[in-house]
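K.L.:
This is the structure, below, for whatever I ask next.
A short reminder: the numbers here are calculations on the coordinates, not readings from a lab. Please read these numbers as outputs of a predicted model, since none were measured by experiment. All Cβ positions, glycine included, derive from the backbone under ideal geometry; neighbour counts span all protein chains shown.
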């Protein structure tokens, strides 16, 4: 168990693949995961990242400016000059981040945060191109420093614009594939530093007052519970399914993740007990759902359709040396699938799904069939734009490299990986919304259902 709770909690976002990773590591013979720092070991780790990506990564056409072979050669002196394992992994992370994909990255042995590191208990959200405090922990320091939702952060440290700091110290080593995903997920790292230390910030109040604050990198609140960004809170702590009836018969359903098997039974039970005559519409919230297992998402979808709907299409590249020698284009295989309706009770009324940049991976696999078939209207912001079937390879010292192996598209070929799924009704929260606690996206979803103008059920 690592010494810093927050590091474990953040790294747990990747737990859905931990079992397969462990199996693959056990199957790889001759890979020394104990750090020795030898020249041979440093080179082997770099070559692992280079070779696994060269033959598995399906999106090189998106980054024509990247000559992967030349980049690998350029990183050789840098990995050899690494003074310790921490420095070595930082170089490898920077190398992998050139590929700009949410399912492709070097994961150091300690996870996204180094042991002994933590952050102040605040969540930052990019709103109207500003870095805004979206949530804060319940601590005395938050009160005395007057930290509140809606407060804008301008600078960090010695007068460094926070956007500049974010790009240089976070995005340089971590890429989620799209700007909205970077802002939603990697923002959790921007204030990280030695636990118990101070971070100086220049902030701007809602009334325009600019001031300096100093915050302690100590995430637990008054009750000793670590403060989490919502995408981690939903995955790690919250119930997998929550529902409540809104005014005028609209059912609000929040699905926290698609990683816990109990979700299927709980969702089916909810549908079985639903008073269909009293339910005028359903809103499913997956704005901070980081994904999990696509099969669980499909079981939920079965409860919402009355005919088969198409899932995202998998495009799998095949490397054939002979084709390369002959100058032929790479061969791709398409894998198509459909989801059949559940045999039991189903909900077939007006359906709206709330999306945002924290809608990630198999949560996007959940959204695509329902939007593409016309069964649901999407309201909110673009999704993360990251889905795929990653391959894991062990690295020296106990870390690993994961690389996406498939390209996923809508059934008609439209791409969303690296772009994000565009909602039918785009709604952007404002700084004022965060300050007042107004959920503009949910309000719009309710409006869509009540008006009936936007909803079109094309699943017949």
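K.L.:
Between residue 158 and residue 70, what length comes free when the chain is fully extended (0.36 nm per residue of separation minus the Cα-Cα distance, one decimal in nm)?
P.N.:
Separation in residues times 0.36 nm, less the Cα-Cα distance, equals 28.1 nm.
K.L.:
Based on the Cα gyration tensor of segment 344-460, what are the three equivalent ellipsoid semi-axes, each the root of five times an eigenvalue, rounded to whole Å and given largest first?
P.N.:
31, 21, 12
K.L.:
Of all the C-alpha pairs in segment 117-227, what % are more than 22 Å from each other?
P.N.:
26
K.L.:
Something else about it: Sort 48, 359 so the one with the fewest other Cβ atoms within 10 Å of its own Cβ comes first.
P.N.:
The fewest-first ordering by Cβ neighbours comes to 48, 359.
K.L.:
Another question, then. Can you give the FRET efficiency to the nearest 0.05 for residue 279 and residue 338, using r as the Cβ-Cβ distance and R₀ = 25 Å?
P.N.:
According to the calculation, E is roughly 0.40.
K.L.:
Could you list 192, 451 in order of exposure, starting from the residue whose Cβ has the fewest other Cβ atoms within 10 Å?
P.N.:
Ascending number of Cβ neighbours within 10 Å: 451, 192.
K.L.:
If one computes the Cα centroid of segment 119-149 and of segment 332-360, what distance in Å separates the two points?
P.N.:
35
K.L.:
Measure off 7 Å from each Cα along the Cα-to-Cβ vector at residue 412 and residue 63, then give the distance between these two points in nanometres to one decimal.
P.N.:
3.0
K.L.:
Determine, from the Cβ-Cβ distance of residue 221 and residue 165 and an R0 of 35 Å, the FRET efficiency 1/(1 + (r/R0)^6), rounded to the nearest 0.05.
P.N.:
About 0.85, to the nearest 0.05.
K.L.:
Checking the a/c ratio against 1.5 first, then a/b against b/c, what shape does the Cα gyration tensor give for the chain?
P.N.:
Since a/c reaches 1.5 but b/c is at least a/b, the shape of the chain is classed as oblate.
K.L.:
Along the Cα-to-Cβ line of residue 450, 7 Å from the Cα, sits a label point; which residues in segment 233-252 have backbone N less than 20 Å from it?
P.N.:
What the label zone holds, given the 20 Å backbone N cut-off, is 244-252.
K.L.:
Also, I was wondering about something else. Before rounding to the nearest 500, sum -39500 (n - 2.57) across all DSSP H runs of length at least 4 in the chain and divide by the residue total; then give [θ] at 222 nm in deg cm²/dmol.
P.N.:
Roughly -9000 deg cm²/dmol at 222 nm, from the helical runs in the chain.
K.L.:
Could you give me D for segment 185-334, from Stokes-Einstein at 10 °C and 1.306 mPa s, where the hydrodynamic radius is the Kirkwood radius over C-alpha pairs? Units µm² s⁻¹, please.
P.N.:
78
K.L.:
Measure off 7 Å from each Cα along the Cα-to-Cβ vector at residue 422 and residue 206, then give the distance between these two points in nanometres to one decimal.
P.N.:
Rounded to a tenth, the inter-label distance reads 3.4 nm.
K.L.:
Turning to a different aspect of this structure: Under a plain spin-label model, where a point goes 7 Å from the Cα along Cα-to-Cβ, how far apart in nm are residue 144 and residue 319?
P.N.:
5.7
K.L.:
Exposure proxy check: 148, 89, 173, 347 ranked by fewest other beta carbons within 10 Å?
P.N.:
Fewest-to-most ranking of 148, 89, 173, 347: 148, 347, 173, 89.
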